[in-house]
């Protein structure tokens, strides 16, 4: 007998709890009119960025391609005779129909060249349009790291500076005089 | 002498408003379920999305109307019509306002019960004619459900009939001028509402079409407008359940200030919202639970209710008046 009252009470309480939801605001984001807030580190469309001097950051090291779990990144390295034989990608191709937006390429990149940005609106009618070439990927800005220039901190000799003259760099150590 | 033009007008108004309301209820249910689940529901077409049913209708009319080769064709085709026809027939005896009723039958309550029993046939033979195991299981459950609720559905109304002294629905409403029957007949109301939910195949008694278990239950094989008829029929029976609850227990058109038809509509709307709220909240019973519940709890309750009501009526009437009854 007690259990019947318990059932009845629970049913009524349930109705009341659901009815109270009449006065709460829906959690739905009405997408095309209302945009969801995407944090800056949100992993969306992949871009290739440039350093503050406007040069391509990518040094075609293939680390992103190697790190990619679905093998959607393809590139070909080449040396640029105009820029101190600096390595650059001859082509750089990302197949977004295969990309899973995991961000491994971004983590693998030693020069902050490849970055994922908060943009998810990549729908296409034809699947081949999801294959992005280098000119589609390359942006004119620096992405998330505005002041970072790989060759300024890499410790290597470039056209306009010698070893140890970059930012935060110490002069090279003479290993022959470095005694304990 | 029947005023034919008045009757025709009443039929047109009731038929039109029933079908429109059934369409609007589909939208209302989806919106309300949305609101109670903290989302929006259909809100795109028309103000607040109220034209959604129109779009659904266009879609369902233009869909392929497929009859499975293994189905019993004649029965399969005729079944969806039975749902809608029986539901609409019941509205013939629903008194919306004084003198605003298609057929003021002396046996209105019985007519309603008869029609609701006939509607159950559609579910049973629809599932049987589909020749599909899920539809068949749905029909089986419908029969089990029918066996459990039909008995106490009739019994729960007899208390009301006793108090009003008539089977005529207009008389029953008129008898509630000073006191709604929900007060003396509270258990009758509970029993009837429960049976009505089972009759309309609504949660928590929607076993015949349990989506989670039986695909779509008895109408698994139906597509296009035939499915649409089942759908509309279900909403018509919800409308009918609300209308009958209002008429039998909540004073029908009686109410202060506002015109009678408006009061009737408002009360009906309240019950429709309650039924949708129940759908949004309560889980589904197993059908053996419904059988047990129907026969062991509600049926005795309805009988005791009838017994007590009869006793009270007898005590109030007095033996002297009783002897004068025919």
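Computed quantities for the displayed model
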read-out	value
FRET E, pair residue A:140, residue A:102, Förster distance 25 Å, beta-carbon r, rounded to 0.05	0.45
Calculated FRET value between residue A:70 and residue B:269, using beta carbons and R₀ = 41 Å, to 0.05	0.15
Using a Förster distance of 56 Å, the FRET efficiency for residue A:90-residue B:37 (Cβ separation, nearest 0.05)	0.55
Ascending count of other beta-carbon atoms within 10 Å, so fewest first, for B:257, B:36	B:257, B:36
Cα long-axis angle, helix A:2-20 against chain A (0 to 90 degrees, to the nearest 10)	50
Cα-based shape type of chain A, given that a ≥ b ≥ c are square roots of the gyration tensor eigenvalues and the cut on a/c is 1.5	prolate
Three-way shape call for segment A:46-153 based on the alpha-carbon gyration tensor, with the a/c threshold at 1.5	prolate
Where only C-alpha atoms are counted, convex hull volume of segment B:70-310 per residue in Å³	113
Most to least packed among B:270-280, A:142-152, B:155-165 [average Cβ atoms within 10 Å]	B:155-165, B:270-280, A:142-152
Bins of 20 Å, starting at 0 and running to the largest distance - Cα pair percent for the protein assembly as shown	18, 36, 20, 16, 9, 2, 0
Extended-chain gain in nm, criterion 0.36 nm per residue less alpha-carbon gap, residue B:292 and residue B:17	95.2 nm
Average partner coverage of A:10-20, which counts Cβ from other chains inside 10 Å	4
Packing rank of B:233-239, B:38-44, where each peptide gets the mean count of other beta carbons within 10 Å, highest leading	B:233-239, B:38-44
C-alpha center-to-center spacing [segment B:160-187, segment B:217-233] in angstrom	36
Degrees, to the nearest 10: B:299-317 long Cα axis against longest axis of chain B	30
The protein assembly as shown - mean residue ellipticity at 222 nm from DSSP helices (-39,500 (n - 2.57) per run, n ≥ 4, rounded to 500)	-16500 deg cm²/dmol
Over segment B:172-238, volume per residue of the alpha carbon convex hull, in Å³	92
Three-way shape call for segment B:1-98 based on the alpha-carbon gyration tensor, with the a/c threshold at 1.5	oblate
11 Å cut-off, amide nitrogen to a point 7 angstrom out along residue A:122 Cα→Cβ, residues in segment A:87-107	A:94-103
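Only the coordinates and a few stated rules stand behind these numbers; no lab work does. This structure is a prediction, so every number in the text was calculated from the model and none was measured. FYI the Cβ positions are ideal-geometry reconstructions off the backbone, even for glycines, and counts take in every protein chain you see.
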